[in-house]
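First up is the structure itself, then whatever we jot down about it.
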Amino acid sequence: MVFVQKEIKLRPCRRGFHLVTSEIISQIPELRTIQKGVLHVFIKHTSASLTLNENAYPTVREDFENHFNEMVPEHAPYYGHDTEGSDDMPAHLKASILGSSVSIPVTDGRLNLGTWQGIYFCEHRNDGGARELVLTLSGEESGSSKWIK
Amino acid sequence: MVFVQKEIKLRPCRRGFHLVTSEIISQIPELRTIQKGVLHVFIKHTSASLTLNENAYPTVREDFENHFNEMVPEHAPYYGHDTEGSDDMPAHLKASILGSSVSIPVTDGRLNLGTWQGIYFCEHRNDGGARELVLTLSGEESGSSKWIK
Amino acid sequence: MVFVQKEIKLRPCRRGFHLVTSEIISQIPELRTIQKGVLHVFIKHTSASLTLNENAYPTVREDFENHFNEMVPEHAPYYGHDTEGSDDMPAHLKASILGSSVSIPVTDGRLNLGTWQGIYFCEHRNDGGARELVLTLSGEESGSSKWIK
């Protein structure tokens, strides 16, 4: 049984939905030693979030931005918290709707994602800056070296 | 400490919200050996999802379908990704709003759910086909046979 | 490797979003012995939920209530499940949108939250009563006493 934990930084991204699967995998090479387990990916912010979705068409990620801007609008008449910019309160709401972590099974040294699944980093602020993540990998190591690919 | 992992398939379901608690429990009999732990249930798709909600009235699950169809409509004028059918882009959005996994505490050999909680499989496509799940159970085994009910 | 599990009750709260970070931490002093791990916080109900968001301004939590009441209205014409009060079906929907658990990394004996992150208990019913949570802490203990702060 192992527990591996790392804190990493994501480069600043423009507001929107961004694929970060390979960036995350590259930061935790210990994945390859785990036969079965779970990777927990956590974002230490309240105006950005993480989710899993389609890793192929950029139009899907654009439509995520379009839809979330409709469903959680700026300048809603019922917002009382408006001192940090019109993108701030919607960013908090979007972050909780999508969530601040994803948990992904690890099998035979790899993330056990479906063919079309990728990790989205969701930047809800106009200028969010670099964002901090905590990766926690738990699982059972393989007894043999065959998992070290 | 144990880590048990299984890949299972759910039978094809019509678009909507479906109770799958007993189907999932029956696929992982090792649950009965765990005194305290967590079961992670993960769906390997981007147009179907998992959530926990009311296990009693079918009208609740029907209203989930009704509400999500309002909150995430087909044919929204701002969708750019429309080549895979009008149910496709809403399915991706619904999947991320609800999430691709649920984590449930395991106590004394059982899922430690509330009286009214059940696992919903949420099929967001009109013809989603069979869907693949990964179950990962981690926890501490009981030292005695009393947990083997 | 340790697995610690506790069932706790939250005092009844009025409908709305409530900060419960310190209440939860105080219920699981074993946190201080964990060098790296994850705390899973689970709510055993289908009309209340948990999320992480801004721990500073009360107006943020008020706007959560305002926005969720718009996005998931009472008396929607498409609800079929209306026998338990007009706040019941929206409560179920809000609970699944926000989720029934949060998982938080634990590092050096503390929850590894961002500066502005806190745990929200989200009461979606008008009279929800006391709510039950299950806390499951898993991780690696420190070999030394320096973690016992």
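Odds and ends about this structure:
- Test result for residue B:129, part of a loop (DSSP other than H, G, I, E, B), more than 14 Å from chain C (Cβ to nearest Cβ) and surrounded by fewer than 21 Cβ atoms within 10 Å (Cβ to Cβ): yes
- Residue selected from region A:84-97 under the condition assigned to a loop (DSSP other than H, G, I, E, B) and in contact (Cβ under 8 Å) with a residue 12 or more places away in the chain, by the criterion nearest to the chain's Cα centre (by Cα): A:87
- Among residues of region A:5-29, those that are within 14 Å of chain C (Cβ to nearest Cβ) and either among the polar types (S, T, N, Q) or open to solvent by less than 30 Å² (accessible area, probe 1.4 Å) (or both), counted: 4
- Yes/no for residue A:27 being in contact with a Ser or Thr (Cβ under 6 Å, 6 or more places away or on another chain) and either modelled with pLDDT of 95 or more or under 20 Å from residue A:142 (Cα atoms) (or both): no
Table: residues versus (1) within 23 Å of residue C:61 (Cβ to Cβ); (2) open to solvent by 10 Å² or more (accessible area, probe 1.4 Å); (3) at pLDDT 95 or above; (4) not aliphatic (A, V, I, L, M).
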site	(1), (2), (3), (4)
A:101	yes, yes, yes, yes
A:120	no, no, yes, yes
A:125	yes, yes, yes, yes
A:135	no, no, yes, no
A:146	no, yes, no, yes
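- Taking the conditions (1) closer than 24 Å to residue A:143 by Cβ; (2) touching a Lys or Arg at 6+ places or on another chain (Cβ under 7 Å) in turn, residue A:17 satisfies each one other than (1).
- Condition broken by residue A:116, with the remaining ones in (1) at the interface with another protein chain (Cβ under 7 Å from one of its Cβ atoms); (2) crowded, with 19+ Cβ neighbours inside 10 Å; (3) within 22 Å of residue B:132 (Cβ to Cβ) satisfied: (2)
- The single condition from (1) outside any strand (DSSP E or B); (2) within 29 Å of residue B:3 (Cβ to Cβ) that residue B:52 fails is (1).
- Condition met for residue B:129 (closer than 26 Å to residue C:39 by Cα and modelled with pLDDT of 95 or more): no
- Whichever residue in region B:1-44 is among the basic types (Lys, Arg) and assigned to a loop (DSSP other than H, G, I, E, B) and, among such residues, is nearest to the chain's Cα centre (by Cα): B:44
- The set of residues in region C:11-30 that are touching a residue at least 12 places away in the same chain (Cβ under 8 Å) and small (Gly, Ala, Ser) contains only C:16.
- Test: residue in region C:98-107 that is more than 10 Å from chain A (Cβ to nearest Cβ), within 28 Å of residue B:39 (Cβ to Cβ) and assigned to a helix (DSSP H, G or I): no
- In summary, residue C:33 fulfils each of the numbered conditions (1) without any contact (Cβ under 8 Å) to a residue 40 or more places away in the chain; (2) more than 26 Å from residue A:75 (Cα to Cα); (3) touching an Asp or Glu at 6+ places or on another chain (Cβ under 8 Å) with the single exception of condition (1).
- Taking the listed residues C:68, C:64, the one that is in contact with a Phe, Trp or Tyr (Cβ under 6 Å, 6 or more places away or on another chain), farther than 22 Å from residue C:135 by Cβ, assigned to a helix (DSSP H, G or I) and touching a residue at least 12 places away in the same chain (Cβ under 8 Å) is C:64, with no other qualifying.
- Taking residues in region C:121-139 that are β-branched (Val, Ile, Thr), and partners anywhere that are at pLDDT 95 or above and not in a strand (DSSP E or B), the pairs with Cβ atoms closer than 8 Å and at least 6 places apart or on different chains are C:134/B:112; C:134/C:44.
- Scanning region C:45-54 for residues that are facing another protein chain (nearest Cβ under 7 Å) and more than 12 Å from the chain's Cα centre (by Cα), we see that the one that is surrounded by the most Cβ atoms within 10 Å (Cβ to Cβ) is C:54.
- Each residue in region A:55-75 was checked for being more than 19 Å from residue C:51 (Cα to Cα) and open to solvent by less than 10 Å² (accessible area, probe 1.4 Å), and 4 of them qualify.
- Exclusive hit being touching a helix residue (DSSP H, G or I) at 6+ places or on another chain (Cβ under 8 Å) and part of a loop (DSSP other than H, G, I, E, B), set A:81, A:75: A:81
- The set of residues in region A:111-125 that are aromatic (Phe, Trp, Tyr) and farther than 15 Å from residue B:49 by Cβ contains only A:121.
- Region C:76-97: number of residues that are open to solvent by 20 Å² or more (accessible area, probe 1.4 Å) and either of a type in the set (D, E, K, R) or within 7 Å of another protein chain (Cβ to nearest Cβ) (or both): 5
The values are calculated or read from the model by the stated rules, or taken from the named source; none is laboratory data. Because the structure is a prediction, the values reported are computed rather than measured. FYI the Cβ positions are ideal-geometry reconstructions off the backbone, even for glycines, and counts take in every protein chain you see. Calculation scope for accessible area: heavy atoms of the full protein, side chains included, ligands and nucleic acids excluded. Shrake-Rupley method; radii C 1.70, N 1.55, O 1.52, S 1.80 Å.
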